[in-house]
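The values are calculated or read from the model by the stated rules, or taken from the named source; none is laboratory data. Predicted model only: the values in this text are computed from it and were never measured. Positions of Cβ are generated from backbone atoms using ideal geometry, with glycine treated the same way; all protein chains shown enter the neighbour counts. These area figures cover heavy atoms from the full protein model, side chains too; ligands, DNA and RNA do not enter into them. Shrake-Rupley method; radii C 1.70, N 1.55, O 1.52, S 1.80 Å.
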Amino acid sequence: MMAARAARAASGGSGTALRRSAAPLLAPGLLWISVVYVIPGALILVYSFLTPKLGGGVVWQATLDSWEEIVARGRRSDAGWGTVGAAALRGIATAAVAAVPTVAAARYLGRRISRGLGFAALLGALAAVNHLASAYNNYTAVFARSVVWSLWATVVCICLALPLAVFISSRSSPVTKNALLIAVMVSFWTSMLVRTYAIRFLLANTGPLNNLIEALGLDRVVFLNTRFAVILGLVYTALPFMILPLYAATERVERAQMEAARDLGARPPQVFADVFVPMVRPGLTVGVVMVFVLSVSQYLVPTLLGGGKTNMIANLLELQFGEAFNWPLGAAVAALFSVVTFAGLYLTVGRRDQEELL
Amino acid sequence: MDQHSQRGTVSLRKVTKRFGDAVAVNAVNLEVEAGEFISLLGPSGCGKTTTLRMISGFELPTEGRVHISGRDATDTPPHLRTVNSVFQSYALFGHMTVAENVAFGLRVKRRDKPTIERKVQETLDLVQLSDFGSRFPGQLSGGQQQRVALARAVINEPDVLLLDEPLSALDLKLRQAMRYELTRLHDELAMTFVFVTHDQTEAITMSDRIAVMDQGEIHQLGTPVDIYERPATRFVAEFIGEVNMLEATVVGGDGTRTEVLLSSGDRLTCAPVGDSRLTPGVSVVLTVRPQRVLLTPEGGIDSQEHASLRGELRELLFLGDSTRGTVGLADGTELVAVRHNEDGTHPFGTLRPGDRVDVGWRHGTACLVQ
Ligand SMILES: Nc1ncnc2c1ncn2[C@@H]1O[C@H](COP(=O)(O)OP(=O)(O)OP(=O)(O)O)[C@@H](O)[C@H]1O
Ligand SMILES: [Mg+2]
């Protein structure tokens, strides 16, 4: 809400007029987007209604089999109502516990209490979904796992990237800044496969981390093939995509506005919430979308760090396309997941920040 | 002294601020009285902003103490000080409406909603922006943004309002209007204003007192009349308005007068400026405003009441509302006299360039500075 208002304010309220007159200029871009995204997307959708061919590919014969299969596999579960009840309980408990600090924070920052409660409820819902996702082993669970793990990765990325972005942009010498930014981007220079294997090596039961733990006199810990390892891998791969837009946004933060807030009696946390965050919000939105989208579609990380299971959506797709040779089913899964992700992103960040992203 | 009567006072005690080796503010002492409009005036880089920021708490003095409303506030963080600032760049919150901007200070202090709404409306009325509450700062003109910045600060009823060159971003006309506006606000709010500017007209027209600063030091603190008529240093004399400066040496005098020898060879008697360092042998500068200088044909100045010098009229310049005469003294030093033109007659009579003339001024209108 606030960020969109800021965008409106900055454009002097003439945003719509501007966009209308800029329409012809957008034509090449739209063409490009349709070639690269819309046509393949449509193709996937079409494939999902076709008949699988043995050994891969499709037979051009329309059927609803794949979608029926998805619904069936989504329903089928190895857990009963007990699991659902446990998940619900877990969600409620999490929300109740989380409400204490969130409401306190809302009060401290002078926000409405309902905002604190809403945030706690969101955390509770996530906890419940998380529980369901680990208990069930069907398509719904894979979907839920992909989303929840990616959300975790996004949150961790924000927590790591924000202080780092502030640190980099607060350096006075441009040389230092560039050096730090390059350091952030250095990881892009190595193949992702190599990097993921490197993490695997680090976390292995006989790897350096466990050796260190043992040297400290503690028991070895199983890191590999756990949720922890996958989320760590997701964070590691996506972190630069959070740091860079956040850094760009932090660079534009007006120091004077933060001082003005301080001058008007705001304590440092209030300055952060009321002035700093709204000012870096466009960068934060871009970072969140990038990290989430990158994480949710990750294949290497869940495969190499999560064990050979169908951990996330990409593993499921690989299973259908590569091993089961059921292309239409894979296409249906991909189409459904894309629509759900897109809708989810649109509902959470898109509607609010579309003006900044455009 | 009790706390109540000191509300609104600011006291800087031997305040020094160094950035590395550079001294931005050097052992400044300043006592600001409650409710007064005081200006810090000086050229760019003289330490005005730094001084102000030590009052608002954004810079810590390297040495010295800052007292606000009778309390030592040197170690108080900015958000706990009873002062508010109007920033040169306004620093309005672009993502909040005008009303939200103005309400900010009260909101972070968790005042209740009806109070906030009432006070926001009152304050917007005060700065004549009653109908602009729902706009965003980006949709306002510079002058309107300036008023929002003012409203946002004064709504908190600070003991002291700090203004750092608040008018410098406005065009000339608006600047003049805002000058009036600021003095009106000062009268209505009965709040202490500490106003930073490098514009002498602004300082002279608005202030109760002016502190003239240069290179981190306060050269003179006084009323606009003091500053203009009795500059304490050569810098002050030069910085404020146009002035004639004649090099001179003190040759004698007592408590009521000082005798000096000008470089042109003339001996003059001046009123002392209360500076005991003016002992014989000290070289000084005699300053006198062009408006105070009389320019007549030879022998036309009454030497009982006036100091007078002999010279030659070099140039007469018609300036529309006034005429400006430049006189060369015996050693070639120049002295300027400016007279208002009245009802079409020439203020310097029939004098023409090349004429031998007398220039002089009433005793007491010239000042000796070091
Ligand atoms: N953060 C800082 N680090 C180093 N030097 C500084 C800093 N802030 C100010 N200075 C120096 O201190 C001196 C005084 O600066 P200040 O901003 O107080 O001047 P000013 O009188 O407000 O000038 P202006 O009229 O240009 O705003 C200047 O020489 C400036 O370069
Ligand atoms: Mg300044």
Worksheet item: If you look at just the Cα atoms of the range A:23-177, how large are its Rg and its Dmax in Å?
Response: 23.2, 65
Response to the item:
Restricting to lysines and to Cα separations under 20 Å from residue B:14, and discarding same-chain partners fewer than 8 apart, the set is B:48
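How well do other chains shield peptide A:248-259, expressed as the mean number of their Cβ atoms within 10 Å of each residue Cβ?
On the way: counts 0, 0, 0, 0, 0, 0, 6, 3, 7, 8, 1, 8.
Rounded to a whole number, the mean comes out at 3.
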Worksheet item: Which value results for Rg/Rh of the range B:156-222 when Rg is the Cα radius of gyration and Rh the Kirkwood radius based on the inverse mean 1/r?
Response: 0.96
Worksheet item: Ballpark to the nearest 100 Å², how much total accessible area do B and A bury together, probe 1.4 Å?
Response: 2400 Å²
Fill in: Cα long-axis angle, helix A:327-345 against chain A (0 to 90 degrees, to the nearest 10)
20 degrees
Worksheet item: Using a ≥ b ≥ c from the Cα gyration tensor of the range B:1-46 (square roots of the eigenvalues), is it rounded, prolate or oblate, where a/c under 1.5 gives rounded and otherwise the larger of a/b and b/c decides, a/b for prolate?
Response: oblate
Item to complete: Report, ordered by chain and residue number, the lysines lying within cross-link reach of residue B:109, taken as a straight Cα distance under 16 Å and ignoring same-chain residues fewer than 8 apart.
Response: B:119
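Sort the range B:280-369 into rounded, prolate or oblate with this rule: let a ≥ b ≥ c be the square roots of the eigenvalues of the Cα gyration tensor; rounded if a/c is under 1.5, and if a/c is not under 1.5, prolate when a/b is larger than b/c, oblate otherwise.
prolate
Let me check I've understood the local charge: for residue B:290, count other residues with C-beta under 12 angstrom from its C-beta, Lys and Arg +1, Asp and Glu -1. What total comes out?
+2
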Item to complete: Calculate, axis by axis, the spread of Cα positions in the range A:71-137 along the three principal axes, and write the results as whole Å, longest axis first.
Response: 48, 20, 14
Practice prompt. For residue B:314, enumerate residues with amide H under 5 Å from its amide H, sequence gap 5+ or separate chain, H modeled in the peptide plane.
Written response: B:326, B:327, B:328, B:354
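How much length, in nm to one decimal, is gained on full extension between residue A:114 and residue A:72, taken as 0.36 nm per residue of separation minus their Cα-Cα distance?
Numbers: separation 42, 0.36 × 42 = 15.12 nm, distance 3.86 nm.
Full extension from residue A:114 to residue A:72 adds 11.3 nm.
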Discussion item. Given R₀ = 25 Å, what would the calculated FRET efficiency be for residue A:198 paired with residue A:221, taking r from the Cβ atoms and rounding to 0.05?
Written reply: 0.85
Fill in: Most fluctuating residue given options B:119, B:17, B:48, as computed from a GNM of chain B linking Cα atoms under 10 Å
B:119
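For the ranges B:295-301, B:189-195, B:90-96, what's the packing order if you count other beta-carbon atoms within 10 Å of each residue, average per peptide, and put the highest first? Please report the intermediate quantities before stating the final value.
Details: B:295-301: 17.3, B:189-195: 20.9, B:90-96: 23.4.
Descending packing order for the listed peptides: B:90-96, B:189-195, B:295-301.
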Fill in: Nearest 10 degrees, 0 to 90: helix A:227-251 Cα axis against chain A principal axis
40 degrees
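I want the local charge near residue A:105. Using Cβ-Cβ distances under 10 Å, sum +1 for each Lys or Arg and -1 for each Asp or Glu among the other residues.
Values: positive: A:107, A:111, A:115; negative: none.
Combined, the nearby Lys, Arg, Asp and Glu give +3.
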Worksheet item: Any idea of residue A:33's accessible area? Nearest 10 Å², probe 1.4 Å.
Response: 80 Å²
Worksheet item: Under a 5 Å amide H to amide H cut-off, with H placed in plane at 1.01 Å, what residues pair with residue B:214 once short-range neighbours are removed?
Response: B:219
Item to complete: Be a star and scan the range B:63-106 for residues whose amide nitrogen sits under 16 Å from the point 7 Å along the Cα-to-Cβ vector of residue B:122.
Response: B:102-106
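For a quick protection proxy, order the peptides A:88-94, A:301-307 by their average other-Cβ count within 10 Å, most packed first.
Peptide ranking by packing, descending: A:301-307, A:88-94.
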Worksheet item: So how tilted is helix B:113-126 from the main axis of chain B? Cα-based, degrees 0 to 90, rounded to 10.
Response: 30 degrees
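With +1 on each Lys and Arg Cβ and -1 on each Asp and Glu Cβ, and nothing else charged, work out how big the dipole of the range A:138-358 is about its Cα centre, in Debye to the nearest 20.
That gives the range A:138-358 a dipole magnitude of about 180 debye.
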Discussion item. I'd like the distance separating the alpha-carbon centroids of the range B:105-171 and the range B:11-65, in whole Å.
Written reply: 26 Å
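Tell me, what % of the accessible area of the protein assembly as shown is carbon and sulfur with a 1.4 angstrom probe? Walk me through the numbers before you get to the answer.
Values: 21560 of 35670 Å².
So the carbon and sulfur contribution to the accessible surface is 60 percent.
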Item to complete: Could you tell me the convex hull volume per residue, in Å³, taken over the Cα atoms of the range A:138-358?
Response: 170 Å³
Item to complete: Please work out the ratio of the alpha-carbon Rg of the protein assembly as shown to 2.2 N^0.38 Å and round it to two decimals.
Response: 1.40
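Mind giving me the FRET efficiency for residue B:322 and residue B:134? R0 is 56 Å, r the Cβ-Cβ distance, nearest 0.05 is fine.
On the way: r = 50 Å, r/R0 = 0.90.
That gives a FRET efficiency of 0.65.
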Worksheet, complete the sentence: Label model pair residue B:331, residue B:109: point-to-point distance (7 angstrom along the Cα→beta-carbon line) in nm is 6.1 nm
Item to complete: Only Lys, Arg, Asp and Glu count, each charged at its Cβ (+1, +1, -1, -1), so figure out the dipole size of the range A:71-137 about its Cα centre, rounded to 20 debye.
Response: 240 debye
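With +1 on each Lys and Arg Cβ and -1 on each Asp and Glu Cβ, and nothing else charged, work out how big the dipole of chain B is about its Cα centre, in Debye to the nearest 20. Before the final figure, lay out the partial values.
Details: 39 positive and 49 negative charges, 243 e Å.
Around 1160 debye, computed over chain B.
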Item to complete: Among B:261, A:224, B:211, flag the residue with its Cα farthest along the positive direction of the charge dipole of the protein assembly as shown, charges on Cβ as +1 for Lys/Arg and -1 for Asp/Glu.
Response: A:224
Worksheet item: Under a 5 Å amide H to amide H cut-off, with H placed in plane at 1.01 Å, what residues pair with residue A:50 once short-range neighbours are removed?
Response: A:63
Item to complete: May I ask you to list the residues of the range B:228-258 whose amide nitrogen lies under 15 Å from a point 7 Å from Cα along the Cα→beta-carbon direction of residue B:269?
Response: B:251-258
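Which shape class applies to chain B: rounded if a/c is under 1.5, otherwise prolate when a/b exceeds b/c and oblate if not, where a ≥ b ≥ c are the square roots of the Cα gyration tensor eigenvalues? Walk me through the numbers on the way to the answer.
On the way: a/c = 3.04, a/b = 1.86, b/c = 1.63.
Because a/c hits 1.5 or more and a/b exceeds b/c, chain B counts as prolate.
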Worksheet entry | Positive dipole terminus of the protein assembly as shown, leading residue within A:176, A:28, A:165 (C-beta point charges) | A:28
Worksheet item: Which peptide among B:236-244, B:20-28, A:231-239 comes first, and what is the full order, when sorted by highest mean count of other Cβ atoms within 10 Å?
Response: A:231-239, B:236-244, B:20-28
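Assuming 0.36 nm per residue, please report the length gained on full extension of the stretch residue A:347 to residue A:325 beyond their Cα-Cα distance.
Numbers: separation 22, 0.36 × 22 = 7.92 nm, distance 3.42 nm.
That works out to 4.5 nm of additional length.
Find how much the distance from residue B:306 to residue B:189 grows on full extension, using 0.36 nm per residue of separation minus their present alpha carbon separation; answer in nm with one decimal.
Details: separation 117, 0.36 × 117 = 42.12 nm, distance 4.55 nm.
Full-extension gain reported as 37.6 nm.
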Practice prompt. Have a look at B:55, B:26, B:9 and report the one farthest towards the positive end of the charge dipole of the range B:1-59, computed about the Cα centre with Cβ charges (Lys/Arg +1, Asp/Glu -1).
Written response: B:26
